[in-house]
Amino acid sequence: MAHISVNVSRQPDIRFLDGGLPHQRGVKSYQILRANRALPDTAEGLGWTYNHAPMLAWYHGRYYAEYLSNPVNEHDATGHTLLSSSADGVEWTRPEVIFPSIEVPLDCYRGRRADGMPASTATCAHQRMGFYCAKNGVMLVLCFYGIAYDHRFASPCDGWGVGRAVRRLFPDGSLGEIFFLIYNEAAGYTQANVPSFSHFKNSTDTEFKAACLELLVNRRVMNQMYEEQRKDQSLFPMPLGKAPCFYTAADGKTVTLFKLGLSMLTWEGEAFGKIVENPDIKTSMGKVWGQATPDGRYALIYNPTPDGQHRWPLAVVSGEDGYCFGNMRALTADFAPARYGGRDKNPGPQYVRGIIEGNPRPENVLPAVYSVNKEDIWISLAPLPLKDETSTEIHENFHDPSAFACWSVYSPVWAPVRLREGELCLIDTEPADMGRAERCLPPCEKGEIRLGLRVDAACPGSEVCVWLRDDMGGYAGGIVFDGEGRALAYSAGRTEDWTTYEVGKQLSLRLAFDCAGNCFEAELDGTIKRFRLSSARNSVSLLSMCTKGFWSVPYPTLSTLGKYGTFEQVLPGSECPIPPRGLSLISFNFKRA
């Protein structure tokens with residue numbers, strides 16, 4: 001019998017990056033890391049292009065994102081774990097290595113062996129959990145030291161790795177010494193043959209040791225370590241699913257969710273229950289995240305498609321009791337194409353994690369970290385409660401910071417979207433992505449939008465755009481400001497010359513749409529013209545501003561990159577900045593006609 005039900009009005013369609021789903025209102029999505037092999041100093045300083053499995057914490061008012069990294073491929077024989085932090089979730093520090101790769105012997109290794117094995121190997125990082133905040137206030141950061149001496153015979157999560165390392169994160173963001181929390185003795189590794197770090201009990205930090213001991217008896221948290229340490233029968237006498245997360249449902253039971261939409265229920269004190277399938281959670285090997293939210297409700301975030309080769313969209317559903325969910329929305333509606341080849345680099349926003357139950361959490365926001373294409377790291381911050389727009393009239397200017405709360409932004413490192421001096425600003429030097437700001441509207445057949453805006457930067461071939469869209473991602477019409485000073489209307493499926501504009505001059509734009517009449521009227525600084533809609537739409541529910549036109553770069557998948565992508569595969573032109581283009585929004589007004 002299923003534990004979880006998810007009721008949706010329509011299933012996502014992976015022909016569209018947002019799945020053709022309505023967008024969740026007010027979500028702010030920021031890129032933490034943009035992988036770059038050619039310009040490593042713009043990334044983490046190394047140029048490694050496989051970055052994945054992020055974890056999230058919020059400690060003493062600061063966000064911390066931990067992720068693992070390999071030079072090119074999943075399960076490279078050398079891999080490490082990095083940490084980045086942010087005071088606001090917007091501006092992030094340059095990631096630093098916090099668990100470096102170590103050299104370990106293979107003569108004690110008990111996993112699958114191959115002829116001609118080396119005498120030793122560098123470790124490959126893996127982790128299904130990243131942070132644990134103990135009752136004494138000590139925050140632990142953790143990772144697993146796995147073995148992948150040859151990807152055909154070993155992986156860091158097959159149970160035959162070295163052990164789990166831990167160190168203390170102090171309130172000021174500094175880090176303590178690295179120790180091993182658990183050696184994977186069932187796989188052949190002990191302190192005697194892994195002298196790189198000592199056991200945590202040898203630490204002189206009594207608070208740190210107490211936090212480690214507390215973690216070791218917290219069964220709900222320890223269950224997250226199953227895959228890597230599954231050979232330890234004292235820890236895991238019964239098998240579990242992959243990549244567990246957990247939350248306490250309204251009836252007091254612990255709901256544990258796994259990959260493939262599996263779940264387990266336990267009462268307080270129980271370690272294991274029966275694992276069942278939940279057919280309503282239509283997903284594959286991307287992770288599922290579930291939690292109780294600070295507003296007293298529940299949320300699930302996952303890729304709602306069983307097609308594991310295409311891990312998009314990233315969607316959120318909500319509910320009242322932890323069991324019944326609905327109102328599916330796209331959490332993030334955009335993502336860039338894969339820029340680098342590599343083994344098993346599934347495309348899309350995936351492997352989502354929030355802040356585990358019991359750790360500190362910020363109020364009034366649902367934060368989630370994830371990787372994109374297994375090469376970039378992102379965070380999305382969704383305001384709580386998760387609700388739709390119902391206002392029939394909206395009047396906003398950005399001198400009032402509360403106006404920004406209702407806007408969603410998609411902000412790559414090289415195409416930041418920021419609130420600056422009373423304006424919502426988009427500036428873009430990104431060759432393989434774009435910045436976007438959007439305002440959800442109540443779906444309406446007829447309405448009027450007025451914008452005060454300014455084109456801040458343009459260059460030959462550039463475009464900045466204002467789109468009218470519906471809740472299935474369709475483009476009803478819009479205005480394109482090109483790099484030659486022309487304002488064009490997107491009408492009847494093509495761009496049509498209309499009027500001119502000046503870069504740097506504040507503009508007044510009015511868009512009055514009538515879906516039943518299949519038209520919209522545009523007015524720019526007194527120049528008025530009526531246009532046909534570009535496609536038949538029942539309603540408009542989204543005003544979208546972005547720094548490029550229609551996204552036409554192909555989206556490589558495992559099929560087009562090949563199951564085993566190569567080091568040589570690089571999306572042409574994607575590694576260096578391009579000339580800037582920019583757009584600023586000064587005021588926004590909407591009314592339903």
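The values are calculated or read from the model by the stated rules, or taken from the named source; none is laboratory data. Please read all numbers here as calculations on a predicted model, not as lab measurements. Glycine gets a Cβ as well: all are built from the backbone with ideal geometry, and neighbour counts include every protein chain shown. To get the accessible areas, we keep the full protein, side chains included, count just its heavy atoms, and leave off ligands, DNA and RNA. Shrake-Rupley method; radii C 1.70, N 1.55, O 1.52, S 1.80 Å.
Remarks
- Residue within the stretch 114-122 that is buried (at least 18 other Cβ atoms within 10 Å of the Cβ) and part of a loop (DSSP other than H, G, I, E, B) present: no
- Cross-chain or 6+ apart pairs with Cβ under 9 Å, the stretch 79-103 first and over 19 Å from Phe179 (Cβ atoms), then of a type in the set (Phe, Trp, Tyr) and in a loop (DSSP other than H, G, I, E, B): Gly79/Trp48; Ser84/Trp92; Ser85/Trp92; Ser86/Trp92
- Some residue of the stretch 347-357 being on the phi < 0 side of the Ramachandran plot, modelled with pLDDT under 95 and assigned to a loop (DSSP other than H, G, I, E, B): yes
- Look at (1) under 21 Å from Pro431 (Cα atoms); (2) in a loop (DSSP other than H, G, I, E, B); (3) in contact with a strand residue (DSSP E or B) (Cβ under 6 Å, 6 or more places away or on another chain) and you find that Tyr30 fails only one, number (2).
- Conditions (1) open to solvent by less than 10 Å² (accessible area, probe 1.4 Å); (2) farther than 30 Å from Phe567 by Cα; (3) modelled with pLDDT of 95 or more; number of the one not met by Gly61: (1)
- Those residues of the stretch 138-152 which are open to solvent by 30 Å² or more (accessible area, probe 1.4 Å) and touching a residue at least 60 places away in the same chain (Cβ under 8 Å), in sequence order: Tyr149, Asp150, His151
- Qualifying strands (runs of 3 or more DSSP E) (wholly inside the stretch 217-330; at least 3 residues being open to solvent by less than 60 Å² (accessible area, probe 1.4 Å) and hydrophobic (A, V, I, L, M, F, W, C)): 262-266, 298-302, 314-319
- Flag if Ser371 is touching a Phe, Trp or Tyr at 6+ places or on another chain (Cβ under 9 Å), at pLDDT 95 or above, closer than 18 Å to Cys406 by Cα and surrounded by 24 or more Cβ atoms within 10 Å (Cβ to Cβ): no
- Screening the candidates Ser544, Ser535 for the property of being under 29 Å from Pro579 (Cα atoms) and either polar (S, T, N, Q) or assigned to a loop (DSSP other than H, G, I, E, B) (or both) yields one hit, Ser544.
- Residues in the stretch 515-529 include none that are in a loop (DSSP other than H, G, I, E, B), open to solvent by less than 50 Å² (accessible area, probe 1.4 Å) and within 22 Å of Ala415 (Cβ to Cβ).
- When residues of the stretch 152-187 are limited to those that are of a type in the set (S, T, N, Q) and over 30 Å from Gly61 (Cβ atoms), the one nearest to the chain's Cα centre (by Cα): Ser155
- Among the conditions (1) surrounded by fewer than 23 Cβ atoms within 10 Å (Cβ to Cβ); (2) modelled with pLDDT of 95 or more; (3) in contact with a strand residue (DSSP E or B) (Cβ under 8 Å, 6 or more places away or on another chain); (4) not basic (Lys, Arg), Asn51 misses just one, which is (1).
- Evaluated against (1) modelled with pLDDT of 95 or more; (2) open to solvent by 10 Å² or more (accessible area, probe 1.4 Å); (3) over 21 Å from Ile578 (Cβ atoms), Arg486 falls short on exactly one condition, (3).
- Members of the stretch 397-418 that are modelled with pLDDT of 95 or more and either assigned to a strand (DSSP E or B) or in contact with a Ser or Thr (Cβ under 7 Å, 6 or more places away or on another chain) (or both): Trp407, Ser408, Val409, Tyr410, Ser411, Trp414, Ala415, Val417, Arg418
- Residue pairs meeting the criteria (Cβ under 6 Å; at least 6 apart or on separate chains; first closer than 11 Å to Val316 by Cβ, in the stretch 286-299; second at pLDDT below 95 and crowded, with 19+ Cβ neighbours inside 10 Å): none
- Hey, Leu511 more than 25 Å from Ala333 (Cα to Cα) and aliphatic (A, V, I, L, M) or not: no
- Test for Glu502: is it modelled with pLDDT of 95 or more and open to solvent by 10 Å² or more (accessible area, probe 1.4 Å): yes
- Residue in the stretch 114-123 that is in contact (Cβ under 8 Å) with a residue 60 or more places away in the chain and out of contact with any His (no Cβ under 8 Å at 6 or more places or on another chain) present: no
- Verdict on Ser155 being open to solvent by 10 Å² or more (accessible area, probe 1.4 Å), touching a residue at least 12 places away in the same chain (Cβ under 8 Å) and closer than 18 Å to Asp107 by Cα: yes
- Restricting Leu386, Leu451 to residues that are part of a strand (DSSP E or B) and buried (at least 19 other Cβ atoms within 10 Å of the Cβ) narrows the list to Leu451.
- Residue that is at pLDDT 95 or above, closer than 30 Å to Gly474 by Cα and acidic (Asp, Glu), where the choices are Asp334, Asp280, Asp251, Asp307: Asp280
- Cβ-Cβ contacts under 9 Å between residues 6 or more apart (or on different chains), taken from a first residue in the stretch 570-588 that is closer than 13 Å to Leu419 by Cα and touching a residue at least 40 places away in the same chain (Cβ under 8 Å) to a second residue that is hydrophobic (A, V, I, L, M, F, W, C) and open to solvent by 60 Å² or more (accessible area, probe 1.4 Å), are listed as Leu583/Ile427; Ser584/Ile427.
- Residues that are more than 12 Å from Arg220 (Cα to Cα) and touching a residue at least 40 places away in the same chain (Cβ under 8 Å) within the stretch 262-284 comprise Ser263, Val276, Glu277, Asn278, Pro279, Asp280, Ile281, Lys282, listed in sequence order.
- Hey, Thr560 modelled with pLDDT under 95, surrounded by 15 or more Cβ atoms within 10 Å (Cβ to Cβ) and not in a loop (DSSP other than H, G, I, E, B) or not: no
- Residue in the stretch 211-226 that is of a type in the set (D, E, K, R), more than 30 Å from Asp321 (Cα to Cα) and at pLDDT 95 or above present: no
- Among the strands (runs of 3 or more DSSP E) confined to the stretch 133-203, the ones with at least 1 residues that are among the small types (Gly, Ala, Ser) are located at 139-146, 163-169.
- Qualifying positions in the stretch 56-79 - part of a strand (DSSP E or B) and charged (D, E, K, R): Arg62, Glu66
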